[in-house]
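Trainee: Next up is a structure, given as structure tokens.
Every number in this text was worked out from the coordinates using simple rules, so none of it is lab data. It should be emphasised that the depicted structure is a prediction, and the values quoted were computed from it without experimental measurement. Cβ coordinates were reconstructed from backbone atoms using ideal geometry, including for glycine residues, and neighbour counts include every protein chain displayed.
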Amino acid sequence: MVTLEDYGQYETAWCPGCGNFSIVEAVKKALVASDLEPHQVLFVSGIGQAAKAPHYLNANVFNGLHGRSLPVATGAKLANPDLTVIVESGDGCNYGEGGNHFLAGIRRNIDVTLLVHNNQIYGLTKGQASPTTAEDFVTKAQPEGVASFPFNPIVVAVAMQAGFVARAFSGMVDHLSELIQQGIAHAGFALIDILQPCVSFNKVNTFAWYKKRCYTLPTEYDPRDWGNAMKTATEWGAKIPLGIIYRNARPSFGERIGRGRLVGRETDRGVLGKIIKGFQ
Amino acid sequence: MDADKKRIMNILIGGEAGQGLVTVGQILAKGLVRSGYAICVTQDYQSRIRGGHNTFAMRVGTDEVQAPQEAIDLLVALNAETVGLHRNQLSDQGLIIVDEALEIIDDNNTLRVPFKRLSSDQYTNIAALGVCSALLGLDEGVVSQTAVDFFGKTHLEIVEENRRALEESYRWAAKKNVAFEKLPFIDDPPQRMMMNGNEAIALGAVAAGLKFCSFYPMTPATSIALNLARWAKEMGLIVEQAEDEIAAINMALGASFAGAPSMVGTSGGGFALMAEGISLAAMTETPVVIVIAQRPAPATGLPTRTEQADLEFVLHAGHGEFPRAIFTPGTIEQCFELAQKAVHIADLYQGPVFILTDQFLADSYRAVIPFDLNGISPVQPWSTKGLKFSTPYRRFAVTDSGISPRLLPGLTEHLVVADSDEHTEDGHITEDLSVRTQMVQKRLKKGTGIRAEVIPPELQGEEKPDLLLVAWGSSKGAVEDAAATMRARGMRVATLHFAQVWPLVPELFIDKMQEAKEVVAVEGNATGQLARLIRRETGFHIKDMILRYDGLPMTPEFILRALKP
């Protein structure tokens with residue numbers, strides 16, 4: 001049996017009170033609940049405070065470039081479909097720098113679980129606006145307030161009929177953990193947008209701010225109803241829905257191409273010889 | 001073949017995009033190869049799908065043909081513009097083949113063909129092929145079979161109509177008494193493949209164990225991935241068109257990290273987008289092969305033409321300091337061999353390895369002896385045979401060679417951790433500056449091994465020559481051909497070709513330069529990038545340079561004109 005101890009306990013470089021701590025706890029719980037051993041899991045992350053998360057548990061890790069975790073995860077999953085591949089990075093990494101990969105990941109329906117630590121601000125670089133920062137939010141980089149309209153990842157993902165779209169809040173660890181577990185179990189692209197406070201650089205969207213607004217979707221909510229999911233996805237402001245907002249059973253990219261595991265595959269000299277003969 | 005019946009000649013087919021000149025060119029080229037002749041194809045096309053002026057030229061010979069030729073012996077003009085543009089290149093015995101319906105001033109050296117009578121409009125290109133084949137003295141059956149093989153996958157009636165157009169025109173031309181010297185007939189032709197540079201690179205990579213290729217389409221590199229995609233199912237590869245070049249390189253790194261030998265193909269502009277990924281490959285010590293098929297730049301440049309101006313870019317791409325190898329094949333055989341070597345070096349030294357070609361070589365079909373697969377040894381990064389490591393496993397364990405024992409994630413109980421940040425031996429992020437120093441040294445140490453495996457530049461011709469021509473990559477054939485011409489005129493000329501431009505190991509070539517009376521660099525760029533690199537690394541100053549940067553490949557004539565020997 002896999003236990004929480006297998007995933008270890010590490011000292012971090014995060015600010016006390018950061019939402020990241022509870023996200024790491026929820027991730028570990030989900031892995032244990034999924035009965036996955038550390039060596040069966042690959043975390044891919046980018047750059048940002050959230051991208052450091054995989055260093056604080058035991059697993060395989062590829063901590064790559066800012067914004068580029070999804071392509072790395074895609075390649076790894078295709079090379080070895082037996083790996084459980086989890087991408088963990090922030091809102092800037094996934095929705096800003098890696099925006100194109102976010103769209104392509106959804107379209108491919110690659111079987112990875114994308115955990116986005118969404119604190120609506122850039123933490124690592126000290127408080128600039130992120131793609132999800134609200135309009136008029138004042139930062140040192142946007143002293144007159146953010147002029148751009150915020151990116152709503154849930155709306156975009158549901159509109160594109162992503163395989164599994166969920167929202168969670170770092171303040172509700174068990175709920176988050178349950179969603180991560182379901183995301184891992186989903187055979188296709190799973191987005192879990194995790195709202196979290198940034199105690200150092202976001203004095204607006206605080207723990208209390210989220211706590212007041214977040215509610216879990218009722219049990220009778222049907223995430224397979226796309227029309228209704230689109231409506232739910234747009235809900236943001238006074239009330240913020242948490243839970244699985246949309247899901248479908250579209251086959252994953254790996255299933256569609258049906259190539260199986262690349263790692264360990266011998267080169268077929270006979271077939272190669274035939275190909276070469278074709279050039280005569 | 002009669003030993004003293006040697007011949008070398010140049011055929012150029014010209015017309016608009018969409019007229020099927022590449023189809024004719026490929027069938028004729030393959031028909032020639034199957035009949036035992038050597039070829040060197042130069043494709044010159046515009047960046048458009050219809051219209052414009054495109055050419056498909058092939059130099060043909062009874063012996064080896066290694067470079068293109070400017071003078072034309074047989075000009076196949078699918079439109080009037082082709083005649084106007086290329087008439088002045090016609091050799092003394094040259095002949096123009098043209099539709100009789102076109103308004104061309106009647107010349108002695110013009111064969112006017114009643115294409116309307118020989119074929120329907122749709123098959124004019126195939127009729128031109130028939131006429132050409134007859135004039136060259138190719139066997140009708142061989143050409144016909146080559147055409148059938150070519151069209152094999154399309155509808156049968158199209159195959160049949162093509163075949164009929166071919167036969168009609170072949171017989172028409174065979175009956176005409178045209179003053180054009182046929183190619184000497186080759187009895188019992190040897191088995192040869194017809195292959196271009198991109199095909200050979202794709203094959204070489206697969207032969208070395210490639211399993212994954214991600215790419216974003218960019219001329220002239222695209223066909224590397226297209227070839228791999230064609231074989232993907234039967235060879236068990238994955239070829240994925242990424243959303244952009246940044247995704248392509250990162251996807252390849254992900255696949256490689258998880259154990260699939262990986263490659264990306266692009267040209268200068270796409271490679272510019274990959275630069276951060278190159279640095280990531282170096283830092284995470286992830287094997288990857290990057291093929292850059294050069295085209296004229298800056299920026300979009302001339303998208304479909306050739307150049308050798310990205311040597312310095314590829315040499316320096318990626319921030320920070322790390323070892324790399326850059327292969328610059330000069331022939332189709334070298335494309336195959338060096339693609340294999342690139343996969344092996346990437347696997348062994350765990351980092352980025354480059355293959356630098358260009359549009360000319362990428363698209364240049366040649367006659368090639370079928371590759372022998374007996375000698376191939378595909379890489380197996382998953383194999384733990386002979387791998388020694390202590391536990392807990394440390395992915396970046398410091399060793400004498402700088403090479404750390406590499407395990408793959410998920411295949412053992414050991415955890416594999418890699419980071420783009422500076423990291424400890426176990427792969428975790430660190431800001432311990434003594435570890436930093438140690439890791440820089442560890443990564444650079446791998447350069448010693450890469451250096452020890454460098455391919456020495458190839459010297460051809462006289463020892464201590466009066467003139468030494470220095471070249472790299474696809475200019476190989478042109479310099480060697482030009483040197484042969486000069487030697488035939490009694491001059492003491494040699495060539496030095498670099499099939500690998502990095503690392504440069506002075507001991508392997510510097511004496512050859514010092515011993516020559518005169519050294520001239522021949523490069524397809526405007527500033528002499530290899531010459532400058534040689535000076536930087538050795539202090540040897542090559543003052544004279546023959547540089548071509550008009551988008552066309554280096555030719556023997558271009559070199560000879562520049563030298564005015």
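Trainee: Excluding residue B:537 itself, calculate the net charge of residues whose Cβ lies under 14 Å from the Cβ of residue B:537, where each Lys or Arg counts +1 and each Asp or Glu counts -1. Present the calculation step by step, with values, prior to reporting the outcome.
Mentor: Values: positive: B:451, B:532, B:535, B:536; negative: B:312, B:507.
It works out to a net charge of +2.
Trainee: How big is the dipole moment of the range B:458-563 about its Cα centre under a simple scheme where the beta carbon of each Lys and Arg is +1, that of each Asp and Glu is -1, and everything else is neutral? Debye, nearest 20, please. Walk me through the intermediate numbers first.
Mentor: Values: 13 positive and 15 negative charges, 46 e Å.
It works out to roughly 220 debye.
Trainee: Measure nothing fancy, just the Cα-based angle from helix B:21-34's long axis to the longest principal axis of chain B, in degrees from 0 to 90, nearest 10.
Mentor: The angle comes out at about 90 degrees.
Trainee: Follow-up. Calculate, for residue B:544 and residue A:37, the FRET efficiency according to 1/(1 + (r/R0)^6) with r their C-beta to C-beta distance and R0 56 Å; round to the nearest 0.05. Show your work: numbers first, answer last.
Mentor: Details: r = 66 Å, r/R0 = 1.17.
Calculated value: 0.30.
Trainee: Among B:12, B:24, B:89, which residue has its Cα positioned farthest towards the positive end of the charge dipole of the range B:3-190, with +1 placed on the Cβ of Lys and Arg, -1 on the Cβ of Asp and Glu, and the dipole taken about the Cα centre?
Mentor: B:24
Trainee: Against the longest principal axis of chain B, how steep is helix B:156-175, in degrees 0 to 90 to the nearest 10, with axes from Cα atoms?
Mentor: Tilt relative to chain B: about 50 degrees.
Trainee: Taking every residue in B:378-385, how many Cβ atoms of other protein chains lie within 10 Å of its Cβ, on average?
Mentor: On the way: counts 6, 1, 5, 2, 6, 1, 0, 0.
Per-residue shielding by partner chains comes out at 3.
Trainee: Give the Debye-formula value of log10 I(q)/I(0) at each listed q (0.15 Å⁻¹), with one equal scatterer per alpha carbon of the range B:339-455, two decimals each.
Mentor: For the requested q values the scattering log ratios are -0.82.
Trainee: Same structure, new question: Considering only Cα-Cα distances, which of the following residue pairs are longer than 27 Å: B:341/B:385; A:29/A:231; B:388/B:446; B:341/B:512?
Mentor: Details: B:341/B:385 21 Å; A:29/A:231 31 Å; B:388/B:446 18 Å; B:341/B:512 25 Å.
With Cα atoms farther than 27 Å apart: A:29/A:231.
Trainee: Assuming a ≥ b ≥ c are the square roots of the Cα gyration tensor eigenvalues, decide whether chain B counts as rounded (a/c under 1.5), prolate (otherwise, with a/b larger than b/c) or oblate.
Mentor: Note, shape of chain B comes out prolate.
Trainee: Separate question: Does a label point 7 Å from the Cα of residue B:179, set along Cα-to-beta-carbon, have any residues of the range B:64-94 with amide nitrogen under 13 Å, and which are they?
Mentor: B:92-94, by backbone N distance to the label point.
Trainee: Right, here's the next one. With +1 on each Lys and Arg Cβ and -1 on each Asp and Glu Cβ, how big is the dipole of the protein assembly as shown about its Cα centre, in debye rounded to the nearest 20? Can you show the working numbers first?
Mentor: Values: 79 positive and 94 negative charges, 101 e Å.
Charge dipole, the protein assembly as shown, about its Cα centre: 480 debye, nearest 20.
Trainee: Also, I was wondering about something else. Which residues make up the longest stretch of chain A that has no GluC sites (Glu not before Pro) in a DSSP loop with at most 11 other Cβ atoms within 10 Å?
Mentor: Working: sites that count: A:11, A:135, A:144, A:220, A:266.
Answer from the scan: A:12-134.
Trainee: Add +1 for every Lys or Arg and -1 for every Asp or Glu among the other residues with Cβ under 13 Å from the Cβ of residue A:176, and state the total.
Mentor: Numbers: positive: A:28, A:29, A:167; negative: A:25, A:88, A:174, A:178, A:193.
Local charge sum for residue A:176: -2.
Trainee: Which one of A:117, A:254, A:188 has its Cα pushed farthest toward the positive end of the charge dipole of chain A, where Lys and Arg give +1 and Asp and Glu give -1 at the Cβ?
Mentor: The one lying farthest along the dipole's positive direction is A:254.
Trainee: Can you pick out the pairs among B:6/B:564; B:30/B:175; A:77/B:233; B:30/B:233; B:211/B:476; A:126/A:212 whose Cα atoms lie more than 21 Å from each other? Display every interim value, and only then the final one.
Mentor: On the way: B:6/B:564 26 Å; B:30/B:175 24 Å; A:77/B:233 18 Å; B:30/B:233 26 Å; B:211/B:476 30 Å; A:126/A:212 26 Å.
From B:6/B:564; B:30/B:175; A:77/B:233; B:30/B:233; B:211/B:476; A:126/A:212, over 21 Å: B:6/B:564; B:30/B:175; B:30/B:233; B:211/B:476; A:126/A:212.
Trainee: In addition: Run lengths n ≥ 4 of DSSP H only: what is the helix-derived mean residue ellipticity at 222 nm for chain B, with -39500 (n - 2.57) per run over all residues, to the nearest 500? Intermediate values should be presented prior to the final figure.
Mentor: Details: 18 runs with 211 residues, N = 565.
After summing the helix terms and dividing by residue count, I get -11500 deg cm²/dmol.
Trainee: Rounded, prolate or oblate: which fits the range B:458-563 when a ≥ b ≥ c are the square roots of the eigenvalues of the alpha-carbon gyration tensor, with rounded for a/c under 1.5 and prolate only if a/b beats b/c?
Mentor: On the way: a/c = 1.68, a/b = 1.11, b/c = 1.52.
Cα axes put the range B:458-563 in the oblate bin.
Trainee: If you don't mind, there's one more thing I want to ask. List the GluC sites (Glu not before Pro) within the range B:1-89 that fall in a DSSP loop (any state other than H, G, I, E or B) and whose Cβ has at most 15 other Cβ atoms within 10 Å. Before the final figure, lay out the partial values.
Mentor: Numbers: sites: B:16, B:64, B:70, B:81; in loops: B:64, B:70.
When the GluC sites (Glu not before Pro) of the range B:1-89 are filtered for loop state and at most 15 Cβ neighbours within 10 Å, B:64 remain.
Trainee: Taking the Cα centre of chain A as the origin, how large is its charge dipole in debye, to the nearest 20, when only Lys and Arg (+1) and Asp and Glu (-1) carry charge on their Cβ atoms?
Mentor: Numbers: 26 positive and 24 negative charges, 159 e Å.
With only Lys, Arg, Asp and Glu charged at Cβ, the dipole is about 760 debye.
Trainee: Further, regarding this structure: Roughly how crowded by other chains is peptide B:233-241, in terms of the mean Cβ count from those chains within 10 Å of each of its Cβ atoms?
Mentor: Per residue, the number of nearby Cβ atoms from other chains is 5 on average.
Trainee: Just name one of B:562, B:493, B:49: the one whose Cα is farthest towards the positive end of the charge dipole of chain B (beta-carbon charges, Lys/Arg +1, Asp/Glu -1).
Mentor: B:493
Trainee: Give me the net charge for the shell around residue B:219: Cβ to Cβ below 14 angstrom, other residues only, Lys and Arg +1, Asp and Glu -1. List each step's numbers first, then the result.
Mentor: On the way: positive: B:48, B:295, B:305; negative: B:44, B:245, B:307, B:358, B:363.
Around residue B:219, the charge tally is -2.
Trainee: Now, a different point. Enter the mean number of other protein chain beta carbons within 10 Å of the beta carbon of each residue in B:258-268, as an integer. Before the final figure, lay out the partial values.
Mentor: On the way: counts 18, 9, 10, 4, 3, 0, 0, 0, 0, 0, 0.
Other-chain Cβ atoms within 10 Å of each residue's Cβ, averaged: 4.
Trainee: Where does the longest stretch of chain B lie that holds no trypsin sites (Lys or Arg not before Pro) found in a DSSP loop with 11 or fewer other Cβ atoms within 10 Å?
Mentor: On the way: sites that count: B:5, B:6, B:50, B:153, B:385, B:388, B:489, B:517, B:543.
Here the longest segment lacking exposed loop sites spans B:154-384.
Trainee: For the range A:143-154, take each phi angle, set θ = phi - 60°, evaluate the Karplus expression 6.51 cos²θ - 1.76 cosθ + 1.60, and give the result in whole Hz per residue in order, putting x for glycine and proline.
Mentor: x, 9, x, 5, 8, 8, 7, x, 7, 10, x, 5
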